[in-house]
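This report refers to the structure that appears directly beneath it.
FYI, it's all coordinate maths here, none of it is from the lab. Quick caveat: nothing in here was measured; it's all calculated off a predicted structure. Glycine gets a Cβ as well: all are built from the backbone with ideal geometry, and neighbour counts include every protein chain shown.
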Amino acid sequence: MDYFLLKQDERYTDVPLLMDVHKQIDIRDMRISRAYKIADPLIFHVKAGAGSSFLDIMDRQLLLLSDKLKRVVEVYEPDTLFKLTPLIDLSRQLQKNYYLPILEEREVLSPRTEFHHGKSRIKKLVLHKEKMRGKKIVRIKESEKPLIVVRLDVAESILRRDLTGIWLERVPVE
């Protein structure tokens, strides 16, 4: 089965910047067992220019999904917990609603995965076939940064929608 890393398209450079992220949320709480500690709604003020793109996925500071992408995730992983995350641009009097997904984490990396120094960041991602066990959407537990992997059928479903700023990158499985 083929899997893809789901992330923000890096060609979009003018995206809203969330203000005071670390004051609002402890990244360690973005797990099912600790999600109750995250405010709902989780409101962020953003810094955005007139040409800033509010993409369907934003992952530079936090992993945030638009309503359209959230609905796709819900089809394949209906038990996913989402925290409503309004993004407010006071200077332009604009609000866009996003969702912070709290996805199941799994240890799914192959021994052939390569890390940068200190094992805090993954250099070359390789999935372990048996550990994936046919899962449709998984957050990689071994990664400090939220990395989301989706199965081929989920990736195809995402591509069939009119979504902006999505990047799907094939991940080797062994």
For this session: Sort out which residues of region 106-160 are in contact with a helix residue (DSSP H, G or I) (Cβ under 6 Å, 6 or more places away or on another chain) and of a type outside the set (A, V, I, L, M), and write them in order of number.
Result: 136, 157
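For every residue, the table says whether it meets (1) among the aromatic types (Phe, Trp, Tyr); (2) without any contact (Cβ under 8 Å) to a residue 40 or more places away in the chain; (3) in contact with a Ser or Thr (Cβ under 8 Å, 6 or more places away or on another chain); (4) loosely packed, with under 12 Cβ neighbours inside 10 Å.
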{"site": "112", "(1), (2), (3), (4)": "no, no, no, no"}
{"site": "115", "(1), (2), (3), (4)": "yes, yes, no, no"}
{"site": "138", "(1), (2), (3), (4)": "no, yes, no, no"}
{"site": "161", "(1), (2), (3), (4)": "no, no, no, no"}
{"site": "166", "(1), (2), (3), (4)": "no, no, no, no"}
{"site": "171", "(1), (2), (3), (4)": "no, no, no, no"}
Problem set entry | Conditions (1) of a type in the set (Lys, Arg); (2) surrounded by 13 or more Cβ atoms within 10 Å (Cβ to Cβ); (3) not in a loop (DSSP other than H, G, I, E, B): number failed by residue 123 | (2)
Problem set entry | Index of the failed condition, residue 90 passing every other in (1) crowded, with 17+ Cβ neighbours inside 10 Å; (2) within 21 Å of residue 24 (Cβ to Cβ); (3) of a type in the set (A, V, I, L, M) | (1)
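Can you name the residue in region 79-97 that is among the charged types (D, E, K, R) and in contact with a strand residue (DSSP E or B) (Cβ under 9 Å, 6 or more places away or on another chain) and, of all such residues, is farthest from residue 138 (Cα to Cα)?
Among them, the one singled out is 89.
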